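Enquirer: Dropping a structure here in structure tokens format, bear with me for questions.
Read-outs throughout are calculated quantities, based only on the coordinates presented, and are distinct from any laboratory measurement. Please read all numbers here as calculations on a predicted model, not as lab measurements. All Cβ positions, even for glycine, are placed from backbone atoms using ideal geometry, and neighbour counts span all protein chains on display.
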């Protein structure tokens, strides 16, 4: 039996990566300020690693997670698959030339966020935002250089009809 309310525990789990990064920051800072020689440089390196962990964890924590979506997303060896009872979609991430998000004002009763992946042949694949649970979509975005994470965060909390260009391949 837990004495912590489930929503509080979920909040701590969401920010667990930030807490881990802060631990690295503090250990690195202590090493840098208290120790001498080469260990001082190791402390500076640990501090920088903690800074990177914090930055990445904060970006992940800002994304509003949707639940109960239809289908399951799987990414294996740069192959994206979205399996649903109706079929789904499958394509290679190497073929993607544009990633977009469209939102509407129908949430939370209906699906209110959709990911669109445009391929080099012009085909456009739609994926429900609620299917992208956990870190799967975030890890997928990390493979595309120059992704606008601020737009992803803004789209994930949007309650109006809007369109966000997340990434586009440069020629």
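Enquirer: Ranked highest first by average number of other Cβ atoms within 10 Å, how do 9-15, 51-57 line up? Please list the in-between numbers first.
Expert: On the way: 9-15: 12.1, 51-57: 15.9.
So the order, starting with the most tightly packed, is 51-57, 9-15.
Enquirer: For the chain, what does the alpha-carbon gyration tensor say about shape, rounded, prolate or oblate, given a ≥ b ≥ c as the root eigenvalues, a/c under 1.5 as rounded, and a/b over b/c as prolate? All intermediate terms of the calculation are to be shown ahead of the outcome.
Expert: Details: a/c = 2.46, a/b = 1.62, b/c = 1.51.
Verdict is prolate for the chain.
Enquirer: Of the peptides 85-94, 16-25, how do they stack up when ordered by the mean number of other Cβ atoms within 10 Å, highest first? Before the final figure, lay out each step's value.
Expert: Details: 85-94: 12.2, 16-25: 16.0.
Ranking the peptides 85-94, 16-25 by packing returns 16-25, 85-94.
Enquirer: Below 8 Å, C-alpha to C-alpha, sequence gap of six or more: please give me the relative contact order for the chain in percent. Please list the in-between numbers first.
Expert: On the way: 271 pairs, mean separation 33.7, N = 171.
The value is 20 percent.
Enquirer: Just to confirm the number: angle between the C-alpha axis of helix 38-62 and the first principal axis of the chain, 0 to 90 degrees, nearest 10?
Expert: Rounded to the nearest ten degrees, it is 30.
Enquirer: Give me the number: length gained by fully extending residue 40 to residue 75, i.e. 0.36 nm times residue separation minus the C-alpha to C-alpha distance, one decimal in nm. It would help to have the intermediate numbers written out before the result.
Expert: On the way: separation 35, 0.36 × 35 = 12.60 nm, distance 4.05 nm.
Here the segment from residue 40 to residue 75 would lengthen by 8.6 nm.
Enquirer: Taking the chain as the reference, fit the longest principal axis to its C-alpha atoms, fit the long axis of helix 16-34 to the helix C-alpha atoms, and give the angle between the two in degrees, 0 to 90, nearest 10.
Expert: Compared with the principal axis, the helix lies near 30 degrees.
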